[in-house]
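Asker: Here you go, one structure.
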Amino acid sequence: METLQRALEPYRHFDPAGWISLFRFLPVWAGLLATGVGVAMLLRGGGALFRAVAGPLGLVIGQIWIGPLAARLGFATQQQQIALGASALLCVLGFVVPASTVFFGFGIPIGLVAANLAGPDWLLGFVPAFIVGGALGVVLERPVSVLLASLSGGWLVLIGLMSGLWPFLPSLVERLAGLWPAAVSVASCFAVAGFGYQMFVLPPPEKRAELKREKAMAKRAADEKKALEKRWASYTKQSGKE
């Protein structure tokens with residue numbers, strides 16, 4: 001867990017070069033796994049797969065933001081323990097209630113921005129902004145979940161590819177890591193492509209569920225028609241013999 005906290009430490013503030021350095025903490029197999037998960041998130045992460053995405057995202061949210069939040073609330077000495085417990089709780093909540101990840105993932109950063117603007121009375125700025133931001137995220141769950149999945153997927157694909165290629169093409173990967181605007185641009189292109197595909201090409205979950213129901217009803221109707229024709233043919237055959 002200590003290694004995970006060190007790897008995620010740059011994500012607590014604006015440090016793009018530190019964000020990219022996450023690939024150094026991953027072995028090749030983990031990089032390949034991250035790439036596969038990232039591709040799945042880009043293609044289906046905003047739909048039924050978001051439940052699998054929301055759990056790990058809850059864990060990351062807890063590791064990145066809950067610790068500093070606890071410190072500002074006066075629990076600096078228990079910051080690590082609180083972050084660990086909150087991460088586990090948010091991870092479980094994400095798997096059980098995916099909307100909770102959207103609420104905290106949207107509400108906490110908006111609340112922290114408002115708290116910084118509020119100055120000394122940061123709690124008065126954080127609480128309402130956190131609630132409003134989280135509620136807004138839940139109301140816009142479909143586009144927000146697709147956006148979160150696409151951003152996470154694009155970043156995982158980038159970090160996973162860099163980790164997987166590092167032992168084989170070290171100079172190329174180090175050059176990309178040194179040019180963080182280029183690396184962020186690559187991940188952004190992945191995210192934009194994934195967001196566009198899921199929002200404008202892939203049918204929404206409700207539409208897919210409706211198509212699935214219609215297909216099941218059509219199959220059941222066809223089976224009933226076939227069974228009726230079979231019974232009618234059998235009845236006709238017996239009547240002909242008599």
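Asker: For PHE168, work out the one condition from (1) free of Cβ contacts under 8 Å to residues at least 24 places away in the same chain; (2) part of a helix (DSSP H, G or I) it doesn't fulfil.
Answerer: PHE168 satisfies all of (1) free of Cβ contacts under 8 Å to residues at least 24 places away in the same chain; (2) part of a helix (DSSP H, G or I) except (2).
Asker: Ok, one more. Can you go through GLY107, GLY160, GLY164, GLY196 and tell me which one is under 28 Å from ARG72 (Cβ atoms) and of a type outside the set (Lys, Arg)?
Answerer: None of the other options fit; the residue is GLY107.
Asker: Kindly indicate which of GLY85, GLY58, GLY36 is crowded, with 18+ Cβ neighbours inside 10 Å and in the same structural domain as ILE110 (by TED's automatic domain parsing).
Answerer: None of the other options fit; the residue is GLY58.
Asker: Which one is surrounded by the most Cβ atoms within 10 Å (Cβ to Cβ) among residues in region 131-163 that are in contact with a Pro (Cβ under 9 Å, 6 or more places away or on another chain) and at pLDDT below 90?
Answerer: SER145
The values are calculated or read from the model by the stated rules, or taken from the named source; none is laboratory data. Just so we're clear, the structure is a prediction, and the values are computed from it rather than from any experiment. Virtual Cβ from ideal backbone geometry, glycine too; neighbours counted across all protein chains shown.
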